[in-house]
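Asker: Would you mind keeping the following structure in view while I ask a few things?
The values are calculated or read from the model by the stated rules, or taken from the named source; none is laboratory data. Note that the coordinates shown come from a computational prediction; the quantities given were computed from them, not determined experimentally. With ideal geometry, Cβ positions are generated from the backbone for all residues, glycine too; neighbour counts draw on all protein chains shown. Side chains included, ligands, DNA and RNA excluded: accessible areas come from the protein's heavy atoms. Shrake-Rupley method; radii C 1.70, N 1.55, O 1.52, S 1.80 Å.
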Amino acid sequence: MDENIIRIEGLSKSYDGVNSVLDNISLNIKDGEFHIFLGWSGCGKSTLLNIIAGFVKKTAGHVFVDGEEVEKPGFERGVVFQNADSAIFPWITVWKNIEYGLKIRHVPGTERAKIVRRCTTLVGLDGHENKYPHELSGGMKQRVQIARSMANNPKILIMDEPFGALDAQTRRLMQNELIKIWQETRKTIIFVTHDIQEAVYLGQKISIMSRAPNARIMKTLDVPFPYNRKTSDPTTAALVQTIQGYFDIEYSI
């Protein structure tokens, strides 16, 4: 059995047929891996994620998920966006938001209730099930997004800068919650960020992307530190500086 749940082979993307946003990207991501795509704004990170999610068509190359080529979105790939306000439904409660995908799939009511209850507990939403999105903080709205994705039991959780709009304290809280969720479920997580410290704090592996056009993966690094990481630790800070060095070289050209 292939241990790589995602295989990207020679992937390129052009929106105008002339200029390539992504150019000849190849990468394998193992089942259960916490993988970060790191790069500055506009380098094609979100385009890459949207291709993996099935929202955007590739121009060339292949993307396989669990051996099947990606042609469209699927429930095996849950997606969490940066802007929770545009992703969750404001007119229904937290509970109904989380069970929405289950209803579309015609999961019986008793089973839906068990799944929603399990997911609200997993992301720390117990006691908030009957609230509406306007009654929630930014961090709580992101918990709703994560719970809604997890309710469909995806093999892969795709996260596009999900904590970018949060204040620093809430962001660190949500980072720790995500680590806990990943450790409990061992889902494959693909996480996009432009924050080097966030990448080192969260990821098992970090793929560093070059600037666009013709963006590529400059380097994929292992993060060898156990969790409960501290960004102030000298070894962690040294890795942050090493990664910064790749960007300093790339963006000085």
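Asker: Taking the stated definitions as given, is E135 among the acidic types (D, E), free of Cβ contacts under 8 Å to residues at least 60 places away in the same chain and open to solvent by 90 Å² or more (accessible area, probe 1.4 Å)?
Answerer: yes
Residues checked against (1) modelled with pLDDT of 90 or more; (2) in contact with an Asp or Glu (Cβ under 6 Å, 6 or more places away or on another chain); (3) more than 20 Å from V56 (Cα to Cα):
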position: G10; (1), (2), (3): yes, no, no
position: S20; (1), (2), (3): no, no, no
position: I25; (1), (2), (3): yes, no, no
position: W40; (1), (2), (3): no, no, yes
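Asker: Next up: For residues in segment 37-94 being among the polar types (S, T, N, Q) and not in a loop (DSSP other than H, G, I, E, B), which is farthest from M209 (Cα to Cα)? Working first, answer last.
Answerer: Here is the first cut: in segment 37-94, the residues among the polar types (S, T, N, Q) are 41, 46-47, 50, 59, 82-83, 86, 93.
Filter once more, so that each one left must be not in a loop (DSSP other than H, G, I, E, B): 46-47, 50, 86.
Values: S46: 11, T47: 12, N50: 16, S86: 27 Å.
Among those that are among the polar types (S, T, N, Q) and not in a loop (DSSP other than H, G, I, E, B), it is S86.
Asker: Could you say which residue among A147, A151, A113 is in contact with a strand residue (DSSP E or B) (Cβ under 9 Å, 6 or more places away or on another chain) and within 21 Å of F75 (Cβ to Cβ)?
Answerer: Details: A147 fails: in contact with a strand residue (DSSP E or B) (Cβ under 9 Å, 6 or more places away or on another chain); A113 fails: in contact with a strand residue (DSSP E or B) (Cβ under 9 Å, 6 or more places away or on another chain).
Selected residue: A151, the only one of A147, A151, A113 that is in contact with a strand residue (DSSP E or B) (Cβ under 9 Å, 6 or more places away or on another chain) and within 21 Å of F75 (Cβ to Cβ).
Asker: Confirm whether E111 is assigned to a helix (DSSP H, G or I), more than 29 Å from E3 (Cα to Cα) and open to solvent by less than 20 Å² (accessible area, probe 1.4 Å).
Answerer: no
Asker: Is there a residue in segment 7-21 that is within 24 Å of Q204 (Cβ to Cβ), in contact (Cβ under 8 Å) with a residue 60 or more places away in the chain and open to solvent by less than 30 Å² (accessible area, probe 1.4 Å)?
Answerer: no
Asker: Same structure again: Would you tally the residues in segment 28-59 being open to solvent by 40 Å² or more (accessible area, probe 1.4 Å) and either in contact with a Gly (Cβ under 8 Å, 6 or more places away or on another chain) or among the hydroxyl-bearing types (S, T, Y) (or both)?
Answerer: Qualifying residue count for the region: 3.
Asker: Would you check if I146 is in contact (Cβ under 8 Å) with a residue 60 or more places away in the chain, within 29 Å of F64 (Cβ to Cβ), in contact with a Leu (Cβ under 9 Å, 6 or more places away or on another chain) and among the β-branched types (V, I, T)?
Answerer: So I146 passes the test.
Asker: From T220, T236, T242, which residue is open to solvent by less than 50 Å² (accessible area, probe 1.4 Å) and either at negative phi or assigned to a loop (DSSP other than H, G, I, E, B) (or both)?
Answerer: Criteria check complete, one pass: T236.
Asker: Then there's this: Going through A215, A151, A147 one at a time, which residue ends up being surrounded by 20 or more Cβ atoms within 10 Å (Cβ to Cβ), within 30 Å of V21 (Cα to Cα) and in contact with a Cys (Cβ under 8 Å, 6 or more places away or on another chain)?
Answerer: That would be A215, the only listed residue that is surrounded by 20 or more Cβ atoms within 10 Å (Cβ to Cβ), within 30 Å of V21 (Cα to Cα) and in contact with a Cys (Cβ under 8 Å, 6 or more places away or on another chain).
Asker: Condition (residue is under 19 Å from K45 (Cα atoms) and either touching a helix residue (DSSP H, G or I) at 6+ places or on another chain (Cβ under 6 Å) or of a type in the set (A, V, I, L, M) (or both)) applied to segment 163-172: is it met by at least one residue?
Answerer: Yes.
Asker: While we're here: Looking at A147, A165, A151 in this structure, which one is closer than 26 Å to D126 by Cβ, modelled with pLDDT under 90 and among the hydrophobic types (A, V, I, L, M, F, W, C)?
Answerer: A165
Asker: Related question: May I ask you to verify whether D2 is modelled with pLDDT under 90, assigned to a helix (DSSP H, G or I), more than 23 Å from N214 (Cβ to Cβ) and open to solvent by 70 Å² or more (accessible area, probe 1.4 Å)?
Answerer: Taking the combined requirement at face value, the residue does not satisfy it.
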